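The values are calculated or read from the model by the stated rules, or taken from the named source; none is laboratory data. Given the structure is predicted, the values throughout are model-derived calculations rather than measurements. As a convention, Cβ positions derive from the backbone with ideal geometry for all residues, glycine included, and neighbour counts pool all protein chains shown. Accessible surface is based on the protein model in full, side chains and every heavy atom, while ligands, DNA and RNA are left aside. Shrake-Rupley method; radii C 1.70, N 1.55, O 1.52, S 1.80 Å.
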Amino acid sequence: MAAWKAACAAVGAVKLQIPAGTYLIGPTKFAGPCKNVRSLTVNMKGHLKATTDLSKYVTGDDWVEFAWVDMLTLTGGGTFDGQGAASWPYNKCPTNKNCKLLPTSVKFIATSNTVVENIKSLNSKFFHIALVGCKNFWGKNIKITAPSNSPNTDGIHIERSTGVTIYRSVIGTGDDCISIGQGNSQVLLSGISCGPGHGISIGSLGKYQNEEDVRGLVIKDSTLAGTSNGVRIKTWENSPGTSRAVNMTFENIVMKSVANPIVIDQTYCPYSSCASKAPSRVILKDIFFRNIRGTSTTPVAVMLRCSRGVPCKNVNLHNVHLKYVGQAPVAALCMNVRATYSGTQIPPPCK
């Protein structure tokens with residue numbers, strides 16, 4: 001922390017070194033603003049291990065946090081090791097919506113012009129990497145690893161951020177490889193290798209009052225292997241307010257033995273029961289699936305389950321070629337949507 005304070009108080013282009021070696025650390029906040037710093041490079045070569053003593057984390061604490069910093073670069077080939085296995089049994093979120101959240105490994109809060117490259121994240125307690133309120137973020141050559149049964153270990157979660165690009169990264173984890181929450185715009189995901197995990201998800205959306213819109217997403221040139229979903233848009237039933245998710249493109253994506261390759265689910269509920277008295281009020285519009293091919297481990301390879309309250313508008317599928325690995329014919333399921341189709345369509349379009 002003394003090194004960070006000296007770097008943040010310096011002038012011009014500044015570099016902070018975390019040398020090779022193994023370091024056990026508790027919750028650590030690297031906060032700005034760093035008023036006279038033109039650029040700040042954290043060259044992390046070390047292997048950082050998170051303490052497994054949950055009493056060290058005050059409620060709401062994450063593990064390593066970068067906040068209110070401009071022109072930050074995090075690089076060096078080092079590893080953030082969340083040592084999550086000791087904490088996963090205490091995660092009640094999959095069954096209890098009022099659960100206490102475990103710490104995210106690396107969180108970026110209100111940073112601008114950030115570059116993260118050649119960094120590894122291992123066995124996070126909760127999310128591996130989270131972006132909240134960030135502007136202009138580039139991530140590349142990020143490697144994220146956790147077992148397929150580790151709960152809520154989303155690889156990269158993005159919320160209320162704009163101008164986010166993630167590319168050439170490998171993510172295998174126990175939840176979404178990348179999850180795009182509310183309030184995001186101009187997000188590009190390219191060259192992502194995902195699996196194991198729950199796929200790449202927009203959402204879940206519509207859980208809370210006054211959520212901000214999602215717009216301008218492109219997910220392309222990526223591969224999903226052995227995941228429980230492919231590309232998925234999920235919104236809660238009985239959402240308390242109206243929001244929009246518009247202008248989203250999924251293209252040039254390969255599915256290798258994916259359970260549900262293309263999913264729109266506006267009846268999302270991860271618990272055993274939900275009070276679904278009203279349909280989702282999240283408006284989905286201008287959604288494009290292009291050049292998506294591979295294999296599905298379930299017979300329904302395309303599921304477009306839209307809200308009966310606000311049916312999806314302008315959903316387009318072009319050159320979809322998904323084969324079921326079993327014996328039954330592959331099929332599509334549609335509810336509350338009139339999609340348009342062009343090029344190859346396997347499974348056949350919904351009637």
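Look at the dipole of the chain built from charges on Cβ: of Ser201, Ala85, Trp4, the Cα furthest out on the positive end belongs to Ser201.
Summing +1 for each Lys or Arg and -1 for each Asp or Glu among the other residues whose beta-carbon sits under 10 angstrom from that of Tyr268 gives +2.
For region 231-282, just run the numbers: alpha carbon Rg, then divide by 2.2 N^0.38 Å, N being how many residues it has. Write out the running numbers ahead of the final one.
Details: Rg = 13.5 Å, N = 52, 2.2 N^0.38 = 9.9 Å.
For region 231-282, the normalised Cα radius of gyration comes out at 1.36.
Ordering 225-232, 3-10, 95-102 by mean Cβ neighbour count within 10 Å, with the highest value first, yields 225-232, 3-10, 95-102.
Output the peptides 127-133, 184-190 sorted from most to least packed, where packing is the average of other Cβ atoms within 10 Å over each peptide's residues. Walk me through the intermediate numbers first.
Details: 127-133: 24.0, 184-190: 19.7.
By packing density, highest mean first, the sequence is 127-133, 184-190.
222 nm [θ] for the chain, helices only, -39500 (n - 2.57) per DSSP H run of 4+, per residue, to 500?
-500 deg cm²/dmol
Averaging Cα coordinates gives a centre for region 238-303 and one for region 310-326; these two points are 10 Å apart.
Count charges around Leu54 for me, please; just the other residues with Cβ under 15 Å from its Cβ, Lys/Arg as +1, Asp/Glu as -1. Walk me through the intermediate numbers first.
Working: positive: Lys49, Lys56, Lys92, Lys100, Lys125; negative: Asp53, Asp61, Asp62.
After counting each charged neighbour, the total is +2.
For Thr52, project a label point 7 Å along Cα to C-beta. Then give me every residue of region 82-114 with its amide nitrogen under 18 Å of that point. Zone members listed by number: 82-92, 102-105. Dividing the convex hull volume of the alpha-carbon atoms in the chain by its residue count gives 126 Å³ per residue.
Given the Cα-Cα distance of Ile346 and Asn316 and 0.36 nm per residue of separation, how much length would full extension add, in nm?
Working: separation 30, 0.36 × 30 = 10.80 nm, distance 1.42 nm.
In short, 9.4 nm is gained.
Ordering Arg38, Arg338 by accessible surface, largest first, gives Arg338, Arg38; the 1.4 Å probe counts only protein heavy atoms, with every chain in place. Using a Gaussian network model of the chain in which every pair of alpha carbons under 10 angstrom is joined by a spring, one finds that among Asp221, Asp53, Asp62 the greatest mean-square fluctuation is at Asp53. Looking at region 57-189, the accessible area is 35 square angstrom per residue; that uses a 1.4 Å probe and ignores ligands, DNA and RNA. Each label was represented as a point 7 Å from its Cα along the Cα-to-Cβ direction; for Phe288 and Asn36 these points are 4.9 nm apart. For the pair Asn149 and Cys269, label points projected 7 Å from Cα toward Cβ lie 2.7 nm apart.
Contour minus end-to-end for Thr28 and Thr165, with contour as 0.36 nm per residue of separation and end-to-end as the Cα-Cα distance?
Length gained, Thr28 through Thr165: 46.8 nm.
Computed over region 1-113, the range of Cα coordinates on each principal axis works out to 49, 29, 21 Å, biggest value leading.
Shown in residue order for region 151-157 are the 3J(HN,Hα) couplings computed by the Karplus curve 6.51 cos²θ - 1.76 cosθ + 1.60 at θ = phi - 60°: x, 6, 8, 3, x, 10, 10 Hz (x for Gly and Pro).
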